[in-house]
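Beneath this line is the structure, given in C-alpha cells, with notes to follow.
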Amino acid sequence: MEGRPVIRVLLADDQEIVRTGMAMILSAEDDIQVVAQAQDGLQALELAESHRPDVVLMDIRMPRLDGLDALRHLTRPHAAYRPQVVMVTTFDDEDYLTRAVAAGAAGFILKDSGPRLLAEAVRAAAAGDSLVSPSITVRLLRRLRTAGPALGTAAAPGTAAARPGATQLSPREREVVVLLAEGLTNAEIATALSITVGTVKTHLTNVQAKLGARNRVEIAAWAWRNGFAGQGG
C-alpha cells in the first residue's frame, strides 16, 4: 500500500504447510513482507537476530525450543532488539496462553484464522493498536480472575503482574483500561469515550508506565486479574 511502511515479519512454526500458507497470505499484502521462516524456537531466535523483523508470528509448540521459551528470550528485560511477538495457537492451548501473557506476548491469533484476520493481526501488532484477536484474547483473560496468583508468580519484578498500582490510575485511565480489556481497539475506545485516538494512545502510554506493563496484553491481563474487567459477566 503506497505510503505505508512495510512491516517485516518472521514466521516460526514447525509445520511447513502452516508456514507456507501464512507466507502466501501475507506476501499478497503490499505493506507486509515475510523476511524469514523458522521451523523451531532456536532457529527463530537466530533469524530474529539476523533479520530484525517488526513482528514475529510464533507457534507455541515447537521442537528444540518451544514458542514460550523463545518468547521469553525475545521479550527479556534490556534486550537490544525486541520485536512484537504474536502467538499462533488453537483454543486447546489456553494454559500455554496464560503463561504467554506473563512472558510478554503482544497478542494471539488462531491457526485457522482467515487471510483478512492474519494480515490485520500483523498490522495491529506492528502498530501496538489491538489485542489482535478479541475472541480468543478476552476468553483467555477472563480466566485470570481465578488464575491471578499463579500468573503473578510467573511475571518478572516490575511487570503489571507484580505491581498492581490501581490507585495510580486516573478515572479516565481506568475507563480506557476496562474497554481495552474487553477487546476494543484504540478507535473503538475513542468513539466510546468521545475522545481522540491520539488521546487514547497517550492514556495507554501513561498506564503502561504506571503499571510497569510491557504491552497492551499485560494491561488487559492486569485489568482482568484485579476485577476491573468482565463486570457484566
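For the pair Leu193 and Asp112, the difference between a 0.36 nm per residue extended length and the Cα-Cα distance amounts to 25.8 nm. For region 1-75, the carbon plus sulfur part of the accessible surface works out to 48%, probe radius 1.4 Å. The calculated FRET efficiency for the pair Tyr81 and Thr20, based on their C-beta separation and a Förster distance of 22 Å, comes to about 0.25. Projected label points at Ala28 and Glu46, each 7 Å from Cα along the beta carbon direction, are separated by 3.2 nanometres. Relative protection proxy for 108-114, 57-63, from highest mean packing down: 57-63, 108-114 (other beta-carbon atoms within 10 angstrom). The Val6 and Asn226 beta-carbon pair, evaluated with R₀ = 35 Å, returns a calculated FRET efficiency of approximately 0.35.
Scalar couplings 3J(HN,Hα) for region 211-222, obtained by applying the Karplus form with A = 6.51, B = -1.76, C = 1.60 to θ = phi - 60°, are 8, x, 8, 7, 7, 5, 5, 5, 4, 5, 4, 4 Hz; x denotes Gly and Pro.
The values are calculated or read from the model by the stated rules, or taken from the named source; none is laboratory data. Please read these numbers as outputs of a predicted model, since none were measured by experiment. Glycine also receives a Cβ, built like all others from the backbone with ideal geometry; neighbour counts cover every protein chain displayed. Surface areas here come from the heavy atoms of the whole protein model, side chains and all, with no ligands, DNA or RNA. Shrake-Rupley method; radii C 1.70, N 1.55, O 1.52, S 1.80 Å.
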